[in-house]
Structures are given as C-alpha cells and as structure tokens.
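*Asks:* Just dropping this structure here.
The values are calculated or read from the model by the stated rules, or taken from the named source; none is laboratory data. Please read these numbers as outputs of a predicted model, since none were measured by experiment. No Cβ is skipped: glycine too gets one built from the backbone with ideal geometry, and neighbour counts run over all protein chains shown. Surface accessibility is based on the protein's heavy atoms, side chains included, excluding ligands, DNA and RNA. Shrake-Rupley method; radii C 1.70, N 1.55, O 1.52, S 1.80 Å.
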Amino acid sequence: AWFERFTISVCSYGYTQNHSDHTIFYKHSNKGDTAILIVYVDEIILTGKDQNFKILKHILAKEFEIKDLGHLKYFLGIEITRSKNEIFVSQRKYTLDLLKEIGCLVSWL
C-alpha cells in the first residue's frame, strides 16, 4: 500500500516508472537533463540534474515521513565519493568488512 501511494505521488510530479524495474522512476527535462529516483525498501535515492528536487522533497514530506541524509556516501555495500569532476564507486569497505568477519583479514601493522 505504501509503495502504491508513493508511486502515485511521484508520477503526479512528472516522473515515469521504469517498466523493467518498478523501483526506478525517471524524469526528463526540456533541457535534456534526467533525474532518477530509486527506491530500496525504505530508502530513496535522488540523482541527476533537476532544479526541483527541493520541491519534490517538500511534496513527498507532506504525504510521507522523510529525512534528507544529504549526499549519498554508502548504500548496499557500495561507497560513493566525489571530487569536483568525478564520482568514484567502490566496494572496498564492504570487502574489508567481509574479510574481517570470516577471519581472512591480515594486519600488516
């Protein structure tokens, strides 16, 4: 029921639900920019170029309890870091945590 309400809200704001993965929504602007919204359980990721993200967050906050956590840093075992011109994606932390958990992490210090 929650996801259905969420879908209606997001689509009423001009987003289109992806046909092959229903947890992905996208919106193209007249300038050729694309905004993407991804839902995973109770987490929502907004990415792309959309000057109206603040408006979308305001609209969603009226209907749902939301919390803006800022720039994405870690999601589903993936680390995201940014420089001025690039975005880096890594699973270094996930891999090190996994190796530590199974006792295969060798300390070099």
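*Asks:* As a test of the formula, what do you get for the chain when each DSSP H run with n ≥ 4 contributes -39,500 (n - 2.57) and the sum is divided by the residue count, at 222 nm and rounded to the nearest 500 deg cm²/dmol?
*Replies:* Rounded to the nearest 500, it is -9000 deg cm²/dmol.
*Asks:* Once you have the Cα-Cα distance between Glu86 and Asp42, take 0.36 nm times their residue separation minus that, and quote the gain in nm to one decimal.
*Replies:* Extra length from Glu86 to Asp42 when fully extended: 13.1 nm.
*Asks:* Let me ask another. Let's test the formula: R0 of 35 Å, r as the Cβ-Cβ distance of Asn18 and Glu101. What FRET efficiency results, to the nearest 0.05?
*Replies:* 0.55
*Asks:* OK, next. Return the label of the correct value of percent of Cα pairs over 20 Å apart, as calculated from the structure shown, out of (i) 53; (ii) 48; (iii) 39.
*Replies:* Checked against the structure: label (i).
*Asks:* Enumerate lysine pairs in the chain that are 8 or more residues apart or on different chains, then count those whose Cα atoms are under 12 Å apart.
*Replies:* Lysine pairs satisfying the spacing and distance rule in the chain number 4.
*Asks:* Leaving out ligands, DNA and RNA, what percent of the accessible area of the chain is carbon and sulfur, probe 1.4 Å?
*Replies:* Heavy-atom surface of the chain belonging to carbon and sulfur, 1.4 Å probe: 56 percent.
*Asks:* In region 14-109, with Lys and Arg counted as +1 and Asp and Glu as -1 at Cβ, which of these residues, Tyr40, Phe75, Cys104, has the Cα nearest the positive end of the dipole, that is, farthest along it?
*Replies:* Phe75
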